Structures are given as structure tokens and as C-alpha cells.
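Participant: Below: one structure in C-alpha cells.
The values are calculated or read from the model by the stated rules, or taken from the named source; none is laboratory data. Given the structure is predicted, the values throughout are model-derived calculations rather than measurements. Here the Cβ positions follow ideal geometry from the backbone for every residue, glycine too, while neighbour counts run over all protein chains shown. These accessible areas exclude ligands, DNA and RNA; they are computed on the full protein's heavy atoms, side chains included. Shrake-Rupley method; radii C 1.70, N 1.55, O 1.52, S 1.80 Å.
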Amino acid sequence: MPAPSTWELTPRQSVEMECARRGRLQVIDGCVALLCGRDVDDNLIMALGGPAGRTVIHDGPGQRNQYWRRVWGARGLLYAFDERAEAAIIGALRDEHWRVREMAAKVIARHKIGAALTAVAGLRDDPVPRVRAAGERAVVVLTAAGS
């Protein structure tokens, strides 16, 4: 089990609390919006990003650290997922920022998204070692699941 942050919540706990507050499908839709570069309300950013969300909120959507919105959107999908998010998470495998690609591969592995097998296999050639490793793990999981 991941250790709680200084925020006293794990990412899973925070996403589950937000799902209870606003509804699971609304959280998923918000995560998809973030992955697609759209803005969401500050409360969702705080739920997904924790205290670090404040920096991203105050930077505004056009600033340099905004890739964290996409990372947190993908991470939210680790804990709340529905097939309505499938296209966005597969598309995130092509994100310009490596952290987004890595998290997308983790989501695909966790939820065994078979439609992503070809795309996630492409990450095995990614220039970033962590992305290559996440891609390889996802391929192993999907192959074992018969995807």
C-alpha cells in the first residue's frame, strides 16, 4: 500500500472521496477532460493533484507545468475507470511529456485495455527508460489477459 503523503491521503483515497462527493462518472469525465487539455474546476485538480495542485491552478492553463494536469488526469483513471475514457487514455500514450505516457501505460495495464495493445507496445521504443518499462509491463499484462 502506498504511503500517505503529507496531505494524509493516498491518491487512491483522494479519488475515491471525490467519486463519493461528485459521482464516479463525473470524476472520470474530468480526468478525460484534463488528458485532452481542457480545464476543469479547481476542486477536481486539488483532489487529483493534492497540495501540488495549488501551483498548477495558480500557474493557469497556459503555463509550463501544465503537463501535471494530464498526469493527474491519467492517475485518476487508475482508480476510477470506465470505457468512456478508453480513447483518451490510449491517445495519452502519444503525449509529448513522458510522465503522461508512463501513467497512461499503467492505467492500460491495470484495467487491461486490450484495444491499446498495439499502441502500448510502441512504448517499448520510447527514449525514456521509465516509459519503456511501463510499456513492457502493460504488454505483458495485456498478453497474459489474452488481449
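Participant: For segment 67-119, enumerate the residues that are surrounded by fewer than 18 Cβ atoms within 10 Å (Cβ to Cβ), in a loop (DSSP other than H, G, I, E, B) and in contact with a Ser or Thr (Cβ under 9 Å, 6 or more places away or on another chain).
Facilitator: Within segment 67-119, just Lys112 meets the criteria.
Participant: Got at least one residue in segment 49-60 being open to solvent by less than 20 Å² (accessible area, probe 1.4 Å), assigned to a helix (DSSP H, G or I), farther than 18 Å from Cys19 by Cβ and out of contact with any strand residue (DSSP E or B) (no Cβ under 8 Å at 6 or more places or on another chain)? Can you show your working first?
Facilitator: Residues of segment 49-60 open to solvent by less than 20 Å² (accessible area, probe 1.4 Å): 49-50, 53, 56, 60.
Retained after the next criterion (residues that are assigned to a helix (DSSP H, G or I)): 49-50, 53, 56.
Then drop every residue that is not farther than 18 Å from Cys19 by Cβ, which leaves 56.
Imposing the further condition that a residue be out of contact with any strand residue (DSSP E or B) (no Cβ under 8 Å at 6 or more places or on another chain) reduces the set to 56.
Yes, there is a match, as at least one residue in segment 49-60 is open to solvent by less than 20 Å² (accessible area, probe 1.4 Å), assigned to a helix (DSSP H, G or I), farther than 18 Å from Cys19 by Cβ and out of contact with any strand residue (DSSP E or B) (no Cβ under 8 Å at 6 or more places or on another chain).
Participant: Can you confirm whether Cys36 is surrounded by fewer than 14 Cβ atoms within 10 Å (Cβ to Cβ) and more than 19 Å from Ala138 (Cβ to Cβ)?
Facilitator: Values: surrounded by fewer than 14 Cβ atoms within 10 Å (Cβ to Cβ): yes; more than 19 Å from Ala138 (Cβ to Cβ): yes.
Answer is yes for this residue.
Participant: What number of residues within segment 120-134 satisfy the criterion of being surrounded by fewer than 20 Cβ atoms within 10 Å (Cβ to Cβ) and either among the aliphatic types (A, V, I, L, M) or outside any helix (DSSP H, G or I) (or both)?
Facilitator: If we filter segment 120-134 for residues that are surrounded by fewer than 20 Cβ atoms within 10 Å (Cβ to Cβ), which is where we start, we get 121-122, 124-130, 132-133.
The next check asks that each one be either among the aliphatic types (A, V, I, L, M) or outside any helix (DSSP H, G or I) (or both); those that pass are 121, 126-128, 133.
Number satisfying all stated conditions: 5.
Participant: Now a separate question. Whether any residue in segment 55-63 is at pLDDT 95 or above and small (Gly, Ala, Ser) is what I want to check. So that I can check it myself, show each step before the final result.
Facilitator: So the first thing to find is which residues in segment 55-63 are at pLDDT 95 or above, and the list is none.
There is no residue in segment 55-63 that is at pLDDT 95 or above and small (Gly, Ala, Ser).
Participant: Every residue in segment 4-33 that is of a type in the set (Gly, Ala, Ser) and either assigned to a loop (DSSP other than H, G, I, E, B) or open to solvent by 40 Å² or more (accessible area, probe 1.4 Å) (or both), please.
Facilitator: Initially, segment 4-33 is screened for residues of a type in the set (Gly, Ala, Ser), giving 5, 14, 20, 23, 30, 33.
Result: Ser5, Ala20, Gly23.
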